[in-house]
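Participant: First, the structure itself, so that you have it in front of you.
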Amino acid sequence: MYILGIESSCDETAVAVVKDGNQVLSNCVYSQINAHKTKGGVVPDLASRLHCKHINPLIEKSLHDANLEWSNLDAIAVTQGPGLEASLLVGISAAKTLAHCCQLPLIPVNHLHGHIYAHFLSVTPPSFPFITLLVSGGNTLLCLVKNHYDFDLIGATRDDAAGEAFDKIGRYLGLGYPAGPKIERLANHASDLKIPFPKPMLHDGLDFSFSGLKTAVMTYIDQNPDVAKEDICSNVQSTIIELLFHKSLSACKQYDCFNLAITGGVAANQTLSTYFSDHCKTEGLSFFGLPRNLCTDNAAMIATAAYYKATFTTFNSSCEVNPSLTL
Ligand code: KG4
């Protein structure tokens, strides 16, 4: 089954073709980062205009890279939400047009399910049940995945997402947008200085809170202008990683689950991935990470989520935009 997937929820325009839910035949991404980075964050109007400009050439490129004709496709999948409304509408309009013209079924996909299903593009996907930590710019959540399309949301952020904390602290340090990868690079050149930043809600259930950490770091920067950015970045990064791992481990213990998977843009952080991998070994858990291009927003994960949705659920193919869709 060949599915063409479209993703346009935020600042990546992405189109991919995936065969049978696990073979990526093409995975095209146009990142808008260069356009937004001078503005300090994603500008919604600009994002939707850039999606309009790039989506048709990307659709053609994706089909060409997959070496397929329109007549070879079996379905069109598209991100329905959550995300920026005007950006989502660009992908949905393109997908509806293609589905109508090619007389193909349209499969609406929840972006968060897409991030979870990125794991099914791996050679060895996690076996059920598994806990997923989804950490991105817009979301930080813990999910118990019991089976295909059988998810329980077991923890979520009460305020900022982890990626948002990286980005806001990075902006305060003058690192531009997105700051996560820059914080990671600077942290690699830090000294041994240890700064005891707070870990909010550490022992308080499976929910997260990052806004207190953000405020504490900003106050520390104001009060300690001579401390090197590298040391601040390293301590911010390790505080966030330790907090994320502590909650993920608590989730595994609470739900008697031995498989822990991470996904979303922040999961591209190599220091985080190594920390999780090492500590999972110590705790007797199997760890599942992802390559960078499957952590950040992409359309292969949308096509894969659509494949399993079509296989394991009876879905409604009417697709209305839903910017605040939840898990
Ligand atoms: O999943 P994603 O591509 O899309 C959105 O949620 O929009 O995640 C983007 C987020 C940004 O906040 C970015 O700073 C963060 O992921 N990120 C990272 C790294 N690479 C991307 N955070 C920490 N370390 C990284 N290496």
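Participant: Could you give the nm distance between label points at Asp256 and Ser277, where each point is 7 Å from its Cα heading toward the beta carbon?
Facilitator: 3.1 nm
Participant: Probe radius 1.4 Å, ligands and nucleic acids ignored: give me the carbon and sulfur share of the accessible area of the stretch 92-161 as a rounded percent.
Facilitator: Working: 1300 of 2480 Å².
Here carbon and sulfur together make up 53 percent of the probe-accessible area.
Participant: Also: For every other residue with a beta carbon closer than 13 angstrom to the beta carbon of Ser234, add +1 if it is Lys or Arg and -1 if Asp or Glu, then tell me the sum. Numbers along the way, then the final one.
Facilitator: Values: positive: Lys182, Arg185, Lys194, Lys229; negative: Glu184, Asp192, Glu230, Asp231, Glu242.
Charge balance in the 13 Å sphere: -1.
Participant: What percent do you get for the relative contact order of the chain when only Cα pairs under 8 Å and 6+ apart count? Mind showing how you got there, number by number?
Facilitator: Details: 705 pairs, mean separation 84.1, N = 327.
Relative contact order here is 26 percent.
Participant: First check a/c for the stretch 257-327, with a ≥ b ≥ c the square roots of the eigenvalues of its C-alpha gyration tensor; if it is under 1.5, answer rounded, and if not, answer prolate when a/b is larger than b/c or oblate otherwise. Spell out each step's value before the answer.
Facilitator: Values: a/c = 2.74, a/b = 1.93, b/c = 1.42.
In terms of gyration-tensor shape, prolate.
Participant: Using 1/(1 + (r/R0)^6) with R0 = 25 angstrom and r between the beta carbons of Ser211 and Gln270, what's the FRET efficiency to the nearest 0.05?
Facilitator: Details: r = 26 Å, r/R0 = 1.03.
Once the sixth-power term is evaluated, E becomes 0.45.
Participant: For the stretch 274-325, what is the accessible area per residue in Å² when the probe is 1.4 Å? Please list the in-between numbers first.
Facilitator: Details: 2530 Å² over 52 residues.
In whole numbers, the stretch 274-325 has 49 Å² accessible per residue.
Participant: So which DSSP H runs in the chain come out at 20 Å plus along the axis (Cα) with average Kyte-Doolittle of at least -1.0? Let's see the in-between values first.
Facilitator: Working: long enough: 44-65 (29 Å, -0.55); 85-101 (24 Å, 0.97); 229-254 (37 Å, -0.04).
Span-like helices in the chain: 44-65, 85-101, 229-254.
Participant: Further, regarding this structure: Considering the Cα positions of the chain, please state its Rg to one decimal place and its Dmax as a whole number of Å.
Facilitator: Gyration radius and largest Cα-Cα distance of the chain: 19.7, 63 Å.
Participant: Could you tally the net charge around Ala156, taking each other residue with its Cβ under 14 Å from the Cβ of Ala156, Lys/Arg +1 and Asp/Glu -1? Please report the intermediate quantities before stating the final value.
Facilitator: Details: positive: Arg158, Lys247; negative: Asp152, Asp159, Asp160, Glu164, Asp204, Asp207.
Combined, the nearby Lys, Arg, Asp and Glu give -4.
Participant: Using the basic label-point model (7 angstrom from Cα toward the beta carbon), what is the Asn72 to Lys39 distance in nanometres?
Facilitator: Result for the modelled spin labels: 3.7 nm.
Participant: PRE reach from Thr219 (point 7 Å along Cα→Cβ): which of the stretch 163-200 fall under 11 Å by backbone N?
Facilitator: 198
Participant: Then there is this: Mind checking which of Ala95, Ala299, Ala66 has the largest fluctuation in a GNM of the chain, springs on alpha carbons under 10 Å?
Facilitator: Ala66
Participant: Label points 7 Å out from Cα along the Cβ direction at Asp204 and Thr311: separation in nm?
Facilitator: Label-label distance for Asp204 and Thr311, simple model: 4.1 nm.
Participant: Same structure again: Under 8 Å for C-alpha pairs, at least 6 residues apart: give me the relative contact order for the stretch 86-185, rounded to a whole percent. Don't jump to the answer; show the numbers that get you there.
Facilitator: On the way: 103 pairs, mean separation 14.0, N = 100.
It comes to 14 percent, rounded to a whole number.
Participant: Compute the relative contact order of the stretch 1-139 as a whole-number percentage, counting only Cα pairs closer than 8 Å that sit 6 or more residues apart in sequence. Don't skip to the end; give the middle numbers.
Facilitator: Values: 226 pairs, mean separation 36.5, N = 139.
The normalised contact order for the stretch 1-139 reaches 26 percent.
Participant: Moving on. Top mean-square fluctuation among Leu260, Leu141, Leu153, Gaussian network model of the chain, C-alpha springs under 10 Å?
Facilitator: Answer for the Gaussian network model of the chain: Leu153.
Participant: Mind checking the per residue accessible area of the stretch 126-186 for me, 1.4 Å probe, whole number of Å²?
Facilitator: On the way: 2160 Å² over 61 residues.
That works out to 35 Å² for each residue.
Participant: Peptides 29-35, 18-24, 133-139: what's the order by average Cβ count within 10 Å, highest mean first? Can you show the working numbers first?
Facilitator: Working: 29-35: 15.3, 18-24: 17.7, 133-139: 24.7.
Put in order of decreasing packing, that is 133-139, 18-24, 29-35.
Participant: Here's another thing I want to ask about it. Once the piece of chain linking Asp226 and Thr124 is laid out straight, how much longer is it, given 0.36 nm per residue of separation minus the C-alpha distance between them?
Facilitator: Details: separation 102, 0.36 × 102 = 36.72 nm, distance 4.68 nm.
Gain in length upon complete extension: 32.0 nm.
The values are calculated or read from the model by the stated rules, or taken from the named source; none is laboratory data. Bear in mind the structure is a predicted one, so any value in this text is a computation, not a measurement. Virtual Cβ from ideal backbone geometry, glycine too; neighbours counted across all protein chains shown. Side chains included, ligands, DNA and RNA excluded: accessible areas come from the protein's heavy atoms. Shrake-Rupley method; radii C 1.70, N 1.55, O 1.52, S 1.80 Å.
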